[in-house]
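Chemist: Below you will find the structure I want to go over with you.
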There are 2 protein chains.
Amino acid sequence: MIPPGLLPEGLRDRLPPQAEAAAALVRSLTASFASHGYEHVQPPMVEYEESLGSRLGGAARRELLRFTDPVSQHTLALRSDITGQVGRIAVTRLAAAHRPLRLSYAGLVLRVRGSQLSPERESVQVGAELIGSDAPAAAREIIALAVEALRQTGLADLSLDITIPTLVADLAQSGWPLGKASLAEVQSLLDGKDSGGLAALGAGAFEPLIAAAGPAAAALARLFALALPAHVRARLESIAALIADLQGVTVTLDPTERHGFEYQTWIGFSLFGAGILGEVGRGGAYAITTPDDTAEPAIGFSLYVDGLVDAGLGVTDPRRILLPLGTPPETGADLRAKGWSTIAAFNDNDKPADFRCSHILDGVEPRLI
Amino acid sequence: MIPPGLLPEGLRDRLPPQAEAAAALVRSLTASFASHGYEHVQPPMVEYEESLGSRLGGAARRELLRFTDPVSQHTLALRSDITGQVGRIAVTRLAAAHRPLRLSYAGLVLRVRGSQLSPERESVQVGAELIGSDAPAAAREIIALAVEALRQTGLADLSLDITIPTLVADLAQSGWPLGKASLAEVQSLLDGKDSGGLAALGAGAFEPLIAAAGPAAAALARLFALALPAHVRARLESIAALIADLQGVTVTLDPTERHGFEYQTWIGFSLFGAGILGEVGRGGAYAITTPDDTAEPAIGFSLYVDGLVDAGLGVTDPRRILLPLGTPPETGADLRAKGWSTIAAFNDNDKPADFRCSHILDGVEPRLI
């Protein structure tokens, strides 16, 4: 027997005012996306597990909540991410739409298990995806949009961590010597900031990448000093240009960081803000597999609304006024048209404070309590 | 192998402009609720099946999509309705909140199977619940709110069908003779409009209820002419009063209709509108079972956003303008501040029509294409 009111582990009710804050944040973020031409799509909560899973990595796929559909007997799953669904829409139902295609989304996602940092199994994901290009102009637009949308919510002290997940592979392919090490070994040594290990295996050429992590201007200066192939240099220049656009954002660069960016190509990024422990969002360039097995370039980001709510953002402060018994309906309508939330008393002894009202209607005028 | 882009039966992607319309309708409806003091709550998509199911009827409970939680090994289910979740919140986490408590919600619901009229298995449900009272003033507020919120979306030709699901039982309990019939038999004969059957069993007293169905004024007049117990007469008077409030709404009354209102008490209602085949909403008075097994009165309604979208409501028509390559960022910001959706060209040969733009920026002025 489940006690009334008990919810499964990792699931929760959002109550006022947090539920209203979450809804207000979704409205604000999607309005920012719409103002830049991003059009809303709403994929379903549930899809074939095979279809959802094929657009996720191995670890993420194991986090899908799955069940057998009593109608089709197929295995279905609850989405743990919306980006992959938007990609599917872009290359199937919207395959004929002109590129670049700008889409936005907002909705709940669920996963089997929360993490230690974030025990919730259900969260609100909001995002924007630019499909058909991952060129520098696309990266510049997407990163500026993420920053602008977060700023509009009131989030302060924004910081942006940029990574180049394919950098090491690109350098190896262009002839930087791996010595006796495999590409995976070099990446692993870089993850561990293991200069000695790199040198010992004859992959010392990659060692300067370790020092080229930190505040973006200095990190980029260190990278530009290296012997880089032209296409890598061009990407770094486009990163330098998009950073120059961002006023008042602390930007760091970790050129070899790959963890959590397994699906990103030439650029990945995380966003952080004041009062929020974890990421408030992440994104990057990626490739969508099309039905004829080609790849379409895309770039986008997801924002995590729950962190913004927990930081106290999105709180609306409606002016609530109690209407005494017998208030004419048109008086209430007038007040609502002026932005009041009107609460009708059902009893003569109802008190404004009982209903979190700051005011009561006194004759025809609001009176502060 | 599932073909890319195929969704399980009864599930669909909402694309622009319908997805944007659905989001705009949710915003409009919840803003109407908020203006009357209804505060937003957001229960989770998934709960213990036992908990969700116990607040649903038998048939509805069988429509829950269920699965075993890999974490707890309990059976969980996807919600098929949000009203019951809001009731649970009201009598558990918000048990100490002052009454009446006004709550609103919006979200996706899922069910095992669609119906012939509505094959979708996922739909958007939005609603408002007034908890702690089902008095005439509460019914009047709730019905007026449903009508006002739907009108704000642009829905025309609203009609309201009222029913009194407990009427026959109340009359039997107050002494109207059932003859040789059981209460259930009388209700079944009334469902079949079977005057002869009622007379044959000695329950002819109930026969005038059959004729008291139709346009509300005439139906109420017929009912008032009967020998009614005082509490039933008082309820009918409160229904007459709330109808009198509603300007321009076609109201019908079917006093014995119970189907789909198994959980309603003294009043239930359905809402219909121009261009929509099925109901756009339904609601009524009901009782919430509290953790100590008492009953708290409540009244509320749910609205079905998908029908409104299908009727063409909620369509926003953003003014989209193409910004040629090299447009300064501050020019774009100025246009967005004036309500434009700006779409940045990535190429010199991008055409406004490719991006559904009505205008292109020509120097510093928008120019119609």
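Chemist: Mind telling me which of A:Ile210, A:Ile299, A:Ile343 comes out most flexible in a GNM of chain A, alpha-carbon contacts under 10 Å?
Modeler: Highest fluctuation among the options: A:Ile343.
Chemist: Summed for both chains, how many Å² of accessible area, to the nearest 100, are buried between B and A with a 1.4 Å probe? Write down the numbers at each step before the final one.
Modeler: Numbers: alone 18760 and 18770 Å², together 30530 Å².
The buried area between B and A, both sides summed, comes to about 7000 Å².
Chemist: Got a number for the accessible area of B:Cys357? Probe 1.4 Å, square angstrom, nearest 10.
Modeler: 10 Å²
Chemist: Would you mind counting up the charge near B:Gly339? Only other residues with Cβ under 12 Å from its Cβ, with Lys and Arg at +1 and Asp and Glu at -1.
Modeler: On the way: positive: B:Arg319, B:Arg320, B:Arg336, B:Lys338; negative: B:Asp317, B:Asp334.
Counting the neighbours of B:Gly339, the net charge comes to +2.
Chemist: Using the reciprocal of the averaged 1/r over all distinct C-alpha pairs, how large is the Kirkwood radius of the stretch B:1-100 in Å? Don't jump to the answer; show the numbers that get you there.
Modeler: On the way: mean 1/r = 0.0603 Å⁻¹.
Final number for the Kirkwood radius of the stretch B:1-100 is 16.6 Å.
Chemist: Taking the Cα-to-Cβ direction at B:Asp362 and at A:Ala59 and moving 7 Å from each Cα, how far apart do the two end points lie in nm?
Modeler: 5.5 nm
Chemist: Next question. Counting only DSSP beta bridges with both residues in chain A, tell me the antiparallel percent, nearest 5. Display every interim value, and only then the final one.
Modeler: Working: 47 of 61 bridges.
Of the beta bridges lying entirely in chain A, close to 75 percent run antiparallel.
Chemist: Over the protein assembly as shown, what is the percentage of antiparallel beta bridges among all DSSP beta bridges, to the nearest 5?
Modeler: If I count the DSSP bridges inside the protein assembly as shown, around 75 percent turn out antiparallel.
Chemist: Which of B:Ser341, B:Ser182, B:Ser72 moves most in a GNM of chain B, Cα contacts under 10 Å?
Modeler: B:Ser341
Chemist: Looking only at trypsin sites (Lys or Arg not before Pro) in DSSP loops with at most 10 other Cβ atoms within 10 Å, what is the longest site-free stretch of chain A?
Modeler: Details: sites that count: A:Lys180, A:Lys338.
Counting only loop sites that pass the neighbour cut-off, the longest clear stretch is A:1-179.
Chemist: I would also like to ask the following. Along the Cα→Cβ direction, 7 angstrom out, place labels at A:Ala211 and B:Ala200. What is the inter-label distance in nm?
Modeler: Result for the modelled spin labels: 10.2 nm.
Chemist: Same structure again: What gaps in nm, shortest first, separate B:Ile369 from its twins in the other copies when you place the label 7 Å past Cα toward the beta carbon?
Modeler: 5.4
Chemist: So, R0 is 41 Å and r is the distance between the beta-carbons of A:Arg319 and A:Ser174; what FRET efficiency does that work out to, to 0.05?
Modeler: 0.05
Chemist: Now, a different point. Leaving out ligands and nucleic acids, note down the accessible area per residue over the protein assembly as shown with a 1.4 angstrom probe, in whole Å².
Modeler: Numbers: 30530 Å² over 738 residues.
I get 41 Å² per residue for this part.
Chemist: Under the convention of a label 7 Å out along Cα→Cβ, give the distances in nm from A:Ala31 to the same position in every other copy, shortest first.
Modeler: Result for A:Ala31, in nm, nearest copy first: 0.8.
Chemist: Could you sort B:His98, B:His259, B:His36 by accessible area so the largest value comes first, with the probe set to 1.4 Å? Walk me through the numbers before you get to the answer.
Modeler: Values: B:His98 75, B:His259 105, B:His36 30 Å².
Final ranking, largest accessible area leading: B:His259, B:His98, B:His36.
Chemist: Rounded to whole Å, how close does chain B get to the rotation axis onto A by Cβ? Give me the residue too, please?
Modeler: Here the nearest residue and distance are B:Phe67, 2.
Chemist: Something else now. As I understand it, the dipole of chain A uses +1 on the Cβ of Lys and Arg and -1 on the Cβ of Asp and Glu, about the Cα centre. Which of A:Met1, A:Val232, A:Ala59 lies farthest toward its positive end?
Modeler: Highest projection toward the positive end goes to A:Val232.
Chemist: Let me ask something else about it. Give me the net charge of A:Pro4's neighbourhood, meaning all other residues with Cβ under 15 Å from the Cβ of A:Pro4; Lys, Arg count +1, Asp, Glu -1. Kindly include the intermediate steps, with their values, before the conclusion.
Modeler: Numbers: positive: B:Arg55, B:Arg88, B:Arg93; negative: A:Asp13, B:Glu47, B:Glu49, B:Glu50, B:Asp292, B:Asp293, B:Glu296.
Around A:Pro4, the surrounding residues sum to -4.
Chemist: Sort shortest first the distances from B:Ser195 to its counterpart in every other copy, using label points 7 Å along the Cα-to-beta-carbon line, and give them in nm.
Modeler: Result for B:Ser195, in nm, nearest copy first: 10.1.
Chemist: Have a look at B:Leu150, B:Leu322, B:Leu236 and tell me which one the Gaussian network model of chain B (Cα, springs below 10 Å) gives the largest fluctuation.
Modeler: Residue with maximal mean-square fluctuation among B:Leu150, B:Leu322, B:Leu236: B:Leu322.
Chemist: To the nearest 0.05, how large is the calculated FRET efficiency for A:Leu117 and B:Arg93 if R₀ is 22 Å and r is the Cβ-Cβ distance? List each step's numbers first, then the result.
Modeler: Details: r = 25 Å, r/R0 = 1.12.
So, using R0 = 22 Å, E works out to roughly 0.35.
Chemist: Rounded, prolate or oblate: which fits the stretch A:319-368 when a ≥ b ≥ c are the square roots of the eigenvalues of the alpha-carbon gyration tensor, with rounded for a/c under 1.5 and prolate only if a/b beats b/c? Kindly include the intermediate steps, with their values, before the conclusion.
Modeler: Working: a/c = 1.68, a/b = 1.22, b/c = 1.38.
It comes out oblate by the Cα gyration axes.
Chemist: Next question, about the same structure. Count charges around B:Val364 for me, please; just the other residues with Cβ under 13 Å from its Cβ, Lys/Arg as +1, Asp/Glu as -1.
Modeler: Working: positive: B:Lys338, B:Arg367; negative: B:Glu330, B:Asp334, B:Asp362, B:Glu365.
Its environment carries a net charge of -2.
Chemist: Using a 7 Å offset from the Cα along the Cα-to-Cβ direction at both A:Ala156 and A:Thr75, what is the distance between the two label points in nm, to one decimal?
Modeler: Label-label distance for A:Ala156 and A:Thr75, simple model: 4.9 nm.
Chemist: If you don't mind, there's one more thing I want to ask. Restricting the count to DSSP beta bridges whose residues both fall in the stretch B:319-368, what percent are antiparallel, rounded to a multiple of 5? Write out the running numbers ahead of the final one.
Modeler: On the way: 4 of 11 bridges.
Counting DSSP beta bridges with both partners in the stretch B:319-368, the antiparallel share is about 35 percent.
Chemist: Ok, one more. What does the helix-only formula give at 222 nm for chain B: each DSSP H stretch with n ≥ 4 adding -39500 (n - 2.57), the total divided by the residues, and the result rounded to the nearest 500 deg cm²/dmol?
Modeler: Details: 13 runs with 121 residues, N = 369.
After summing the helix terms and dividing by residue count, I get -9500 deg cm²/dmol.
Chemist: Please sort by residue number the chymotrypsin sites (Phe, Trp or Tyr not before Pro) in the stretch A:300-369 whose DSSP state is loop and whose Cβ has at most 14 other Cβ atoms within 10 Å.
Modeler: Hits after loop and neighbour filter: nothing returned.
Chemist: Residues with amide H under 5 Å of B:Leu65's amide H, sequence separation 5 or more or different chain, H placed in the peptide plane at 1.01 Å from N; which?
Modeler: Sorted by chain and number, the residues that satisfy this are B:Leu78, B:Val112.
Chemist: I've got another one for you. Normalised by the residues of chain A, what does the relative contact order come to in percent, with Cα pairs under 8 Å and at least six apart? Could you put the intermediate results ahead of the total?
Modeler: Details: 644 pairs, mean separation 66.3, N = 369.
Normalised by residue count, the contact order of chain A is 18 percent.
Chemist: If B:Trp266, B:Trp176 are ordered by their accessible area, calculated over protein heavy atoms with a 1.4 Å probe, which sequence runs from highest to lowest?
Modeler: B:Trp176, B:Trp266
Chemist: I've got another one for you. Cα to Cα, under 29 Å, and not fewer than 8 places away if on the same chain: which lysines meet these conditions relative to A:Lys193?
Modeler: Reachable lysines: A:Lys180.
Chemist: Within straight cross-link reach of B:Lys338, meaning Cα distance under 16 Å, which aspartates and glutamates are found once same-chain residues fewer than 8 apart are removed?
Modeler: B:Asp317, B:Glu330, B:Glu365
Chemist: Moving to a separate point now. Separation of the stretch B:196-239 and the stretch A:114-135 by C-alpha centroid, Å?
Modeler: 57 Å
Chemist: Now, a different point. Per 20 Å bin, what is the whole-percent P(r) computed from every C-alpha pair distance within chain A?
Modeler: 24, 48, 22, 5, 0
The values are calculated or read from the model by the stated rules, or taken from the named source; none is laboratory data. Quick caveat, the model's predicted, so the values are computed rather than measured. Every residue, glycine as well, gets a Cβ built from its backbone with ideal geometry; the counts of neighbours run over all protein chains shown. Remember, those area values only see protein heavy atoms, side chains included, never the ligands or the DNA or RNA. Shrake-Rupley method; radii C 1.70, N 1.55, O 1.52, S 1.80 Å.
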